[in-house]
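What follows draws every value from the coordinates through simple rules; no lab data is involved. What you see is a predicted model, and the numbers here were worked out from it, not measured in a lab. Every residue, glycine among them, receives a Cβ derived from its backbone with ideal geometry; neighbour counts consider all protein chains shown.
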Amino acid sequence: MNIKQKLALHLLWLIVLANPVLAQTQQTILTDTAAATEAPLAAKRFNLALQDTLKKAAPADTVYPGQENPFTEAQRREGETKRYLKRAVLPAAVLIGAGVYTIQGNGLFSSFDARDARNRSAPEFSTKVDDYLFFAPIVYLYSFNALSSQNRHDMVRQTGLLLASGALTSALVWPTKKFTNIDRPNGDNHAFPSGHTAYAFTIATIVDKEFRHKSRWVSVGSYTIASATGIFRVLNNEHWMADVLAGAGVGILSVNTVYWLHDKFANNKGINTTLAPTVLPNGSPGMGLVVQF
C-alpha cells in the first residue's frame, strides 16, 4: 500500500468518525435557530393572552392605549381642555346665549312671538307627559347596562357621574331662576331657565356619552326625548322659548364639565369601582362593591 492509499484510507476513517459529531452540531444549530424563531412568537402569544386577561379583569372605564372599540375618539380625548371648550362650552354658550337674546320681547323671533304662535295654533293644548318624559332615557340607560357589555363606565361610576351632573345642573338652574325672577307665560314665577328641559338634556347627554359608540340612534333617541320635553313645556304654556333654550344649554354644559373633570382628575387615577352579585355571610344574596385605588 503506497503513501497515497494510506492517506486516503485515514481520511475516510476521519470522515466516518467525525460524521456523528457534525450531525450533532448541525442538530444543535437547528434547535437553537428554531428556539430563537419560536421565542418571539411565544412572547407575542403570552402578551396577547395577558392583555386579554387584563381587559377582562380591569374596570369598565379603563381605556388602553390604542384601543378603538368600544371607545370613540371623542371619548378618549374627553379630558382635553381645547376639545372641551370647542365641543361642550361653545354649543352650550350658543344655546344659553340664544335664550338670553330671546327673553320676553327681545330678538328677531322673541319668546313673546313664540307664545303668540302657540296661542294661535294650539291654544287649548295641555298634557302632563313632559313631567315624566325626560326620565325615559334613564330607563334605557340602565336597561343597556343590564343587557349590553358595551357600557363605557361601570354602573356605580355611571350613577356617580349622573348624580354629579344633576347636582351641577341644579346649582346652575335654581339660583338663576331666583336671580332673573321672570314670570312664566301662565303667570307662575321663576321661569328662566327651564328646569325640566335642563334635566332632560342632562340625562340625554349622559346616555349619549355612555352609549354613543354602540349606536348613534341611542344618542338621537335621547336628544329627541329631551327636545320633546322642551317643546311640550312651551306648548303647555309653562315656559317661554328662551327658558327652554337656556335649559338645554345648561344640561349639556353640566354633563360635559363633569366628564371633563372626571377624565382629568379621576379616570384611572383615583377610585375604580365594580359592582357584582355576591353571597352575604348569612347565606342570602346581595351585591358586592369592589373599590380599587
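Quick look at the values:
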{"item": "Debye intensity ratio in log₁₀ form over the Cα atoms of the stretch 72-181, taken at each q of 0.17, 0.22 Å⁻¹", "result": "-1.20, -1.33"}
{"item": "Summed residue charge, Cβ within 12 Å of Thr205's Cβ, Lys/Arg positive, Asp/Glu negative", "result": "+1"}
{"item": "For the stretch 122-134, 3J(HN,Hα) per residue [Karplus equation, 6.51 cos²θ - 1.76 cosθ + 1.60, θ = phi - 60°, Hz, x = Gly/Pro]", "result": "9, x, 9, 5, 7, 7, 9, 4, 5, 6, 10, 4, 6"}
{"item": "22 Å Cα-Cα threshold exceeded, pairs from Lys86/Lys209; Lys82/Lys264; Lys86/Lys264; Lys82/Lys178", "result": "Lys82/Lys178"}
{"item": "√(5λ) per eigenvalue of the Cα gyration tensor, the stretch 164-271, largest first, Å", "result": "28, 18, 7"}
{"item": "Cβ-Cβ FRET estimate between Thr180 and Lys86, R0 fixed at 25 Å, reported to 0.05", "result": "0.35"}
{"item": "Cα-based Rg and Dmax for the stretch 112-162, where Dmax is the largest Cα-Cα distance (Å)", "result": "18.4, 49"}
{"item": "Reference-scaled alpha-carbon Rg (2.2 N^0.38 Å with N residues) for the stretch 210-255", "result": "1.30"}
